[in-house]
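Here's the structure, in structure tokens; my notes come after.
The values are calculated or read from the model by the stated rules, or taken from the named source; none is laboratory data. Please read these numbers as outputs of a predicted model, since none were measured by experiment. Cβ placement follows ideal geometry from the backbone for every residue including glycine, while neighbour counts extend to all protein chains displayed. All accessible areas refer to the heavy atoms of the entire protein, side chains included, with ligands and DNA or RNA removed. Shrake-Rupley method; radii C 1.70, N 1.55, O 1.52, S 1.80 Å.
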Amino acid sequence: MKVLRRVVITPESVILDENKLIFDASGQALIEKLYDEYVADYPKFYKMDPMAKLGFIASEVLLGRFEDRKKDREDMAVILFGKTASLCDDMLYQRSIQNPDEYYPSPSLFVYTLPNIVTGEIAIRNRYYGETSFYVLEHKDENVMNSMVEMAFQDEATGSAIAGWLECPDEEHFECDLKIIEK
């Protein structure tokens, strides 16, 4: 497997291929700045939960201005891993139903909240028709993640993947480490 490109996003920084990108923001404000800089035209972004926003933005930074971007591709997979999945939104939903006097379950907290939403949005945006999957792991384990990506590459139709770690336990604490990998 060959890594073509890598992006790492934390609340404090964005690193693309070992180059730190400078933004005067942190936390969710950083994610919004990245949206303004790299996307600015995807209204569904505002419906996504924090984890989906993070993964979506990371893929946009990662893919940048690739020439063949947004051309139908059946050979590209999206394989992500994380620990807490949609726990951030699950906790917000729990708060919305906890007090019986103010009981109002908000359906908006369940729009775009499942872990497979982020893989799906990346695939839809870029017209990727290969495998999309999100695996929940106990901790970030490069060996397990590499093994899963290698298994995806056993399918002759899969030639490359966006793969990596996506963790967002709450809106202000997150880590994303995505790569474009070729077989």
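For a quick check of your reading of the filter: which trypsin sites (Lys or Arg not before Pro) in segment 1-68 sit in a DSSP loop and have no more than 11 other Cβ atoms within 10 Å?
Sites meeting the loop and neighbour criteria: Arg65.
Pull up the cross-link candidates among the lysines for Lys47, meaning alpha carbon to alpha carbon under 30 Å and not fewer than 8 places away within one chain.
Result set, ordered by chain and number: Lys20, Lys33, Lys70, Lys71, Lys83, Lys140, Lys179.
Looking at the chain only, what percent of DSSP beta bridges run antiparallel? Nearest 5 please. Write down the numbers at each step before the final one.
Working: 22 of 34 bridges.
About 65 percent, rounded to the nearest 5.
Using only the alpha carbon atoms of segment 1-99, find the Kirkwood hydrodynamic radius as the inverse mean reciprocal pair distance, in angstroms to one decimal.
Kirkwood hydrodynamic radius for segment 1-99: 15.4 Å.
Out of Gly164, Tyr103, Met76, whose Cα points farthest toward the positive end of the dipole of the chain (charges: +1 Lys, Arg; -1 Asp, Glu; placed on Cβ)?
Met76
Compute the distance in nm between two label points, each set 7 Å from the Cα along the Cα-to-Cβ direction, one at Gln98 and one at Ser147.
Calculated label separation equals 3.8 nm.
Got a sec to turn the phi values of segment 22-37 into Karplus ³J(HN,Hα) couplings, 6.51 cos²θ - 1.76 cosθ + 1.60 with θ = phi - 60°, whole Hz, x for Gly and Pro?
9, 9, 8, 7, 9, x, 5, 4, 5, 4, 5, 5, 5, 4, 4, 6
D for the chain, whole µm²/s, Stokes-Einstein with Kirkwood Rh over alpha-carbon pairs at 20 °C and 1.002 mPa s: what number?
Values: Rh = 16.8 Å.
It comes out at roughly 128 µm²/s.
Return the calculated 222 nm mean residue ellipticity for the chain, to the nearest 500 deg cm²/dmol, obtained by summing -39500 (n - 2.57) across DSSP H runs with n ≥ 4 and dividing by the residue count.
That calculation yields -10500 deg cm²/dmol at 222 nm.
Per residue, how many Å² of accessible area does the chain show with a 1.4 Å probe?
Details: 9660 Å² over 183 residues.
Per-residue value: 53 Å².
When the chain is fully extended, how far beyond the present Cα-Cα distance does Ser133 get from Glu37, taking 0.36 nm per residue of separation?
Details: separation 96, 0.36 × 96 = 34.56 nm, distance 2.72 nm.
That pair, Ser133 and Glu37, stretches by 31.8 nm at full extension.
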